[in-house]
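To start, the structure under review is shown below, and the notes come after it.
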Amino acid sequence: MSDKIEHLQDCTCGCHSDEKEITDSIAEDSNIKSRRDFFRNATALTAGAIIPPALANATPGDTYRENEMQKNKAVQNGKAQFFSLLHTSDIHAQLYTHDEFFFENGKPVYKKRGGFAVLKTMLKTLKAKNPANTLIIDGGDCFQGGGVAALTEGKGIVPLINNIGYDLILPGNWEVVYGKEVMWHDLGGYNSAKICANMFHDTTDEYKGELIFPPYWTKMIAGVKIGFIGYNDPLTPKRQSPAYSVGIHFTKPEVNVTKYVKLLKEYEQCAMIFLVTHMGLAQQVDLANKIEVAGVDYILGADTHERIRKPIAGKYAKVTEPGAFGSFVAKLDVVVENGKVKDSNYQLLDVDPEKYKPDAEMAALVEKIREPYKKELNKVIGKTKTNLVRYYVIENPMDNMLTDALMWKFKDHGVDIVLSNGFRFCPPLVTNKVTGTADITNDFLWSMFPVNSEVKMGVASGQQIWNWLEKELHNVFSKEPADRFGGWVVRFKGMEINFTTKNEMGKRLNWIKVNGDPINPEKNYSILACEREGDPFDMLCRMENVTKPDKPGFNMHDVVREYLAVHSPVAPAVEGRATATDAPATLLSQLEGYDYEFI
Ligand SMILES: [Zn+2]
Ligand SMILES: [Zn+2]
């Protein structure tokens, strides 16, 4: 974007020199100051390598500035136009309005957010303000993560997305979950354009090495041409069961992004270039600092479900991310005058059912696609007396419950440690104020465990476990953003660990205890985890060369249902299975070195 731009009052484009003071005054007023300082101090050592922190807007939710663009003088007198990008991502097939987790004044707060019917009304309302010049974009992880999605292999979600009327879609790392053929079929059902510049056919025929989707998309809007280039997470085959991405080869964006930026700038004559990515915030910010993306204006990111309320300014591009589960819409407005980009305004808006009434047509469509599965999905399989939450990076009540279930089922098999590679995210399940409990349904079980994997066992030495955990912690806390993936510490039961996030690879673990005793490097321990399709048989949750690998013939869902039938109501809590010397139990994001906070 041009340097000589006239900024609106309250403009949030991230290039103002006076923003630091604003940040600090917000921080002074806020009870979260101590936590902000904690991270500032904790990350001081890495600060030299990065740009000054951008403003973290500590005003979540309700402070809408939706009308700022209409107030712009040039827009008012007809000299300028503006276009709007409405960006969602990581909806994870959450059909209904659900509880959503917020972190305010140092503690969790829950509000009702999302739902396809509310989301549709909101997008429709926002688009109606600028109908000719609004684009609706989704950044992936859309048709996976809930009961209907799992039982229809994503197909049930396609009509909902078409009913909203998306313009552009990027596949995320979860779009491969049902395999390449189904991904292709499901995405083929979308009426919107699809882009991805780093997913290639890995076949034995003449299509080997060809792109699966078009790499970019352009649009004439508000008198200018704008371009979008798509990038899915190149680590997809490593992060997830390798079997999912058989036949697909991924490359890093750095391999071809410069080529496409040049093409869009010089040949297509685009006034602005956007990368639509699904790579996680740490990697997206890393990419924004690389010369290869010079010429890109914004990286519209996704994957780690981060709620960017103020674009994070990298050296070459600004990065945004719109939260998850259909709970938020990121809105970027850009003022264009005589073919030149003049200003921009970015906001993260809540999909708030109190503000937007559910769309009747969408509500009916949701019921229709859910009908065949309704009885099974609505079935209550247990109750919880505590909130089931999976937003913390280090340890969560939800995963403690799931690993409790596995340990209970297999304790007589001599299992010492239960692991759940698990899933980083799930909307929370919040107890009812009157009854003091919340119903756990089969549908929610699919949200907690969106893949019903088989149970797998094996034996590993204390040393093997230690080395594997060091690697796992490196995946979460590496100083090198490109080495970070997923965004969470592996979940477990039967073991306690303590680590220092800022230490080097191989030196993070301070101690491990198994069944209360310090781990013995020489001793063998029996481990239970879940099968990752496509892994070697002697690999357990990315731990290589385990001995006596075995699949006793149980799946995760049955074990959890059985456990709840005996133990309901449960009351899982964070109990210190994993602790860090330099990060709080409430750590919510792996991004560090930037003035960003998940709220
Ligand atoms: Zn996701
Ligand atoms: Zn993802």
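Descriptive notes on the structure:
- Between helix 360-370 and the chain there is an angle of about 30 degrees, using the helix long axis and the longest principal axis of the Cα atoms.
- Sparse-neighbourhood loop sites, GluC sites (Glu not before Pro) in segment 507-599 - DSSP loop, at most 16 other Cβ within 10 angstrom: GLU522, GLU533, GLU544, GLU575
- Taking only the Cα atoms of segment 19-365, the radius of gyration and Dmax are 19.9, 62 Å.
- Among ILE381, ILE291, a tally of other beta-carbon atoms within 10 Å of each Cβ gives an order, fewest to most, of ILE291, ILE381.
- The chain - mean residue ellipticity at 222 nm from DSSP helices (-39,500 (n - 2.57) per run, n ≥ 4, rounded to 500): -6500 deg cm²/dmol
- Over all pairs of different C-alpha atoms, segment 345-422 has a mean inverse distance whose reciprocal, the Kirkwood radius, equals 17.1 Å.
- Extension gain, LYS471-HIS185: 0.36 nm per intervening residue step, less the Cα-Cα distance, totals 99.4 nm.
- Charge dipole (Cα centre; +1 on Lys/Arg Cβ, -1 on Asp/Glu Cβ; no other charges) of the chain amounts to roughly 700 debye.
- Note on the chain: dipole from Cβ charges, positive end direction compared against VAL546, GLN590, ASN72; the farthest Cα belongs to ASN72.
- Coil-residue chymotrypsin sites (Phe, Trp or Tyr not before Pro) of segment 188-277, DSSP, other Cβ within 10 Å capped at 14: TYR207
- Selected from LEU151, THR218, VAL182, residue furthest toward positive end of dipole (segment 19-365; charges at beta carbon): THR218
- Rounded to the nearest 20 debye, the dipole magnitude of segment 255-309 is 40 debye, with +1 charges on Lys and Arg beta carbons, -1 on Asp and Glu beta carbons, and the Cα centre as origin.
- Across segment 409-467, Cα-Cα distances exceeding 16 Å account for 64% of all pairs.
- Each Lys or Arg adds one and each Asp or Glu subtracts one; over the other residues with Cβ under 11 Å from the Cβ of GLY323, this totals -2.
- Of the GluC sites (Glu not before Pro) found in segment 163-267, those that fall in a DSSP loop while having at most 10 other beta-carbon atoms within 10 Å are GLU206, GLU210.
- Across every pair of non-identical alpha carbons in the chain, the mean reciprocal distance, once inverted, gives a Kirkwood radius of 24.7 Å.
- The Cβ shell under 11 Å around LEU445 holds other residues with a net charge of -1, Lys and Arg each +1, Asp and Glu each -1.
- Environment charge at GLU361 (Cβ cut-off 13 Å; Lys +1, Arg +1, Asp -1, Glu -1): +2
- Debye, to nearest 20: dipole size of segment 19-365, +1 on Lys, Arg Cβ, -1 on Asp, Glu Cβ: 760
- Each residue of segment 379-580 gets 121 Å³ once the volume of the Cα convex hull is shared out per residue.
- Neighbour counts of C-beta atoms inside 10 Å place ASP303, ASP443, ASP141 in the sequence ASP443, ASP141, ASP303, starting with the fewest.
- Residues LEU187, LEU211, LEU509, arranged from fewest to most other Cβ atoms within 10 angstrom of their Cβ, appear as LEU211, LEU509, LEU187.
FYI, it's all coordinate maths here, none of it is from the lab. Keep in mind that this is a model prediction, so the values were computed, not measured. Cβ atoms come from the backbone with ideal geometry, glycine included; neighbour counts cover every protein chain shown.
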